[in-house]
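Everything on this sheet refers to the single structure shown next.
The values are calculated or read from the model by the stated rules, or taken from the named source; none is laboratory data. Remember, it's a predicted structure, so these values are computed and weren't measured experimentally. Quick reminder, even Gly has a Cβ in these numbers, built from the backbone with ideal geometry, and neighbours come from all protein chains shown. Keep in mind that these areas ignore ligands, DNA and RNA; they rest on the heavy atoms of the full protein, side chains included. Shrake-Rupley method; radii C 1.70, N 1.55, O 1.52, S 1.80 Å.
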Amino acid sequence: MASSTTKKPLYPRLLRLRHIEPNMWQRALLGEGAITVAVLLVLADLASAWTLLVLPVAVAAVVKAHDVLAGTLQRQSAAAASRPAAARPPAEFSGASRRRSARTSTVQTPTAPDPEGTDAVGAPT
């Protein structure tokens, strides 16, 4: 009996990924690729036999950490978007606006001649 819903691939199900969905080539590279690299390192006698276990587990841990971080960032951005504008700090206190204003500030020179006959630095005209 065929189900109308498709099941998630094995790699995301094993890691219980909720926020990222690796493509087929990414799953192959992360899963079988890590095992292949570990086997090659062990056969070339560049690493111990523990590499066969440690390298795929380390890759899976990094992928899971990426998933957790993606979920955390999504929750934070959703919370910031739902917060009312009155609860947000004013734009003048944000670091981006300070950097922008410091970068775009210019020295203004007078365009009209000074009635005393001197230019902007005080030299006679």
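Annotations
- Residues of region 42-75 with amide N under 17 Å of the 7 Å Cα→Cβ point at LEU29: 56, 59-64, 66-67
- Stretch gain in nm, segment ALA81-VAL37, where the contour uses 0.36 nm per residue and the Cα spacing is subtracted: 11.5 nm
- Note on region 1-41: with neighbouring protein chains present and a 1.4 Å probe, carbon and sulfur make up 63 percent of its accessible heavy-atom surface.
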